[in-house]
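Just below is one structure, and these are the notes that go with it.
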Amino acid sequence: MSNVPGALGRDLDAYWMGHALAQAVAAGAAGEVPVGAVLVRGAEIVAMGRNAAIARHDPTAHAEIVAMRAAGRSLANYRLPGTVLYVTLEPCPMCAAALVYARVRRVVFGASDPRIGAAGTVFQLLANSHMNHRIEFTGGVRAEEAAALLRRFFRARRGRGGRGRPPSPVDSASWVDQIS
């Protein structure tokens, strides 16, 4: 899935997605849903983020939001023009709207989100003509790796029978061993 003609720079996208995947692994190890993000400008990482909603007691602490907040502080600007966000899971509506408001130039995501994806899978907020800014996007970059992290995480979580309960540190450690 892409609205970038020819999905140029697939190798570069895969490289930066590797950094986002590392953030996702760290999120999973911390007992969070394993989603990671990196925000890049040119050839430089401006900020990184990973899901932290459980640890921060903050339902908005998605990987994308964490990365954008760090970038805003780093660049001393709430607008992030010229940046590309690499994220392991298709953004949700909250994150997609924040990306639009921040004026991110492009979003590259790994796995599609069939429940609440807002880059075309369920909703289309990134390139919506009703929004005041449209974002180029490419999906499916290293998608199987990103999806496998999520499947393993939720399989381990369900295996304990604790739906909605974060894994304990012991569970997190064994989860990391499974993906290594």
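Quick one: V87 ticks every box in (1) under 21 Å from A127 (Cα atoms); (2) open to solvent by less than 20 Å² (accessible area, probe 1.4 Å); (3) assigned to a helix (DSSP H, G or I) except a single one, so which number is it? So the condition that V87 fails would be (3).
Candidates M68, M94: the one that is within 16 Å of the chain's Cα centre (by Cα), assigned to a helix (DSSP H, G or I) and under 18 Å from L21 (Cα atoms) is M68. Taking R152 as the residue in question, decide whether it is touching a residue at least 24 places away in the same chain (Cβ under 8 Å), within 23 Å of A55 (Cβ to Cβ), in a helix (DSSP H, G or I) and open to solvent by 70 Å² or more (accessible area, probe 1.4 Å). When the stated conditions are applied, R152 passes them.
Residues that are more than 15 Å from the chain's Cα centre (by Cα) and buried (at least 19 other Cβ atoms within 10 Å of the Cβ) within segment 121-131 comprise just one, L125. A single entry from R115, R79 fulfils the requirement of being farther than 23 Å from A27 by Cα, open to solvent by 50 Å² or more (accessible area, probe 1.4 Å) and at pLDDT 95 or above: R79. What about Y101, is it assigned to a helix (DSSP H, G or I), open to solvent by 60 Å² or more (accessible area, probe 1.4 Å) and at pLDDT 95 or above? Criteria met by Y101.
Taking residues in segment 46-57 that are over 9 Å from A30 (Cα atoms), and partners anywhere that are open to solvent by 20 Å² or more (accessible area, probe 1.4 Å) and among the polar types (S, T, N, Q), the pairs with Cβ atoms closer than 8 Å and at least 6 places apart or on different chains are V46/S74; A47/S74; M48/Q23; G49/Q23; R50/Q23; A53/T60. Selection of segment 11-38 for residues being open to solvent by less than 10 Å² (accessible area, probe 1.4 Å) and either touching a Phe, Trp or Tyr at 6+ places or on another chain (Cβ under 8 Å) or without any contact (Cβ under 8 Å) to a residue 40 or more places away in the chain (or both) yields D13, M17, A20, A27, G28, P34, A37, V38.
The values are calculated or read from the model by the stated rules, or taken from the named source; none is laboratory data. Fair warning: this is a prediction, and the values are worked out from it, not measured in the lab. Reconstructed Cβ throughout: ideal geometry from the backbone, glycine too, with neighbour counts over all protein chains shown. Ligands, DNA and RNA are excluded from the accessible area calculation, which covers all protein heavy atoms including side chains. Shrake-Rupley method; radii C 1.70, N 1.55, O 1.52, S 1.80 Å.
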